[in-house]
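For reference, the structure I am asking about is given below.
Any read-out appearing in this document is the output of simple, stated calculations on the displayed coordinates, not a laboratory observation. Only a predicted model underlies this, so the values are computations on that prediction, with no experimental measurement involved. Neighbour counts are summed over all protein chains in view; Cβ atoms, including those assigned to glycine, are modelled from backbone coordinates with ideal geometry.
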Amino acid sequence: MTEPREILYEGQWLRLVRIGRWESCERTHHANGMAVIIVAVTPQDEVLFVEQYRVPLGAPTIEMPAGLVGDDHANDTLEDAARRELIEETGWQANKVEVLLIGPTSSGMSNERIAFVRARDLVKVGDGGGVDNEDITVHTVPRAQAPAWLMQKQSEGYELDLKLWAGLWMIEHNPDGSRAE
């Protein structure tokens with residue numbers, strides 16, 4: 001039996017709904033609440049991170065490159081979105097992308113799902129920095145130093161996306177624990 005669904009508020013990007021007694025948030029401007037997070041390592045064995053001020057947190061964050069699927073692009077696939085967002089945010093192009101895992105980001109609050117996408121065979125094609133005033137700073141960090149670098153950034157007041165640690169693990173592993181090629 002389906003609970004009644006009530007729209008409490010709808011803005012340009014988000015909708016607040018009540019389903020039975022449960023309130024949650026939905027994205028309104030892209031395909032099925034899907035986003036991608038891109039796990040990318042340069043040919044010099046550096047992990048690509050992005051720094052961006054996030055208004056809801058009131059602080060700068062360190063994240064892996066990410067973006068919405070279908071955001072202003074009809075018939076967008078997970079792979080298309082990953083390739084596009086990687087170039088827009090970091091200036092690196094992936095010649096190979098592989099969808100690893102799809103799951104909810106905050107299942108008690110939102111319908112958003114994210115796909116971890118591994119990007120390989122990278123080529124530098126631009127500066128990155130994002131679009132529409134995203135003001136993204138790109139960081140290339142030697143893979144062996146990435147965890148320590150992240151903890152240093154946290155001590156400097158940056159918010160760290162917890163998916164970073166899953167992304168670091170997925171550089172060398174598949175979701176089932178087997179070694180990546």
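Do the sum for the chain: with -39,500 (n - 2.57) for every DSSP H run of n ≥ 4, divided by all residues, what is the mean residue ellipticity at 222 nm, to the nearest 500 deg cm²/dmol?
-5500 deg cm²/dmol
Multiply the residue separation of Asn75 and Ser178 by 0.36 nm, subtract the distance between their alpha-carbon atoms, and state the gained length in nm to one decimal.
Between Asn75 and Ser178, full extension yields an extra 33.9 nm.
Enter the Cα centre distance for the pair the stretch 142-181 and the stretch 10-55, rounded to the nearest angstrom.
18
If you plug each phi of the stretch 22-28 into the Karplus form 6.51 cos²θ - 1.76 cosθ + 1.60 with θ = phi - 60°, what whole-Hz ³J(HN,Hα) values come out, in order, with x for Gly and Pro?
8, 9, 8, 10, 10, 7, 10
Quick one: what are the phi-derived ³J(HN,Hα) couplings along the stretch 157-174, Karplus 6.51/-1.76/1.60 with θ = phi - 60°, whole Hz, x for glycine and proline?
x, 7, 7, 10, 5, 5, 5, 4, 5, 5, x, 4, 5, 6, 4, 10, 10, 8
What is the spread of the Cα atoms of the stretch 1-98 along each of their three principal axes, largest first, in whole Å?
Ordered largest first, the stretch 1-98 gives principal extents of 53, 33, 24 Å.
Here's another thing I want to ask about it. What nm distance separates the two modelled labels at Glu156 and Leu16, each placed 7 Å from Cα along Cα→Cβ?
Taking the simple label geometry, Glu156 and Leu16 are separated by 3.5 nm.
Cβ neighbours within 10 Å, averaged per peptide: list 170-180, 117-127 in order, most packed at the top.
Going from most to least packed, we get 117-127, 170-180.
So what's the net charge close to Glu63: Lys and Arg +1, Asp and Glu -1, counting the other residues with Cβ under 13 Å from its Cβ?
Local charge sum for Glu63: -3.
Just the Kirkwood number for the chain, please: inverse of mean 1/r across all distinct Cα pairs, in Å, one decimal.
Result for the chain, one decimal place: 17.3 Å.
Still on this model: Taking the simple approach of a point 7 Å from Cα along Cα-to-Cβ for both Leu57 and Trp165, what is their distance in nm?
Modelled inter-label distance: 1.5 nm.
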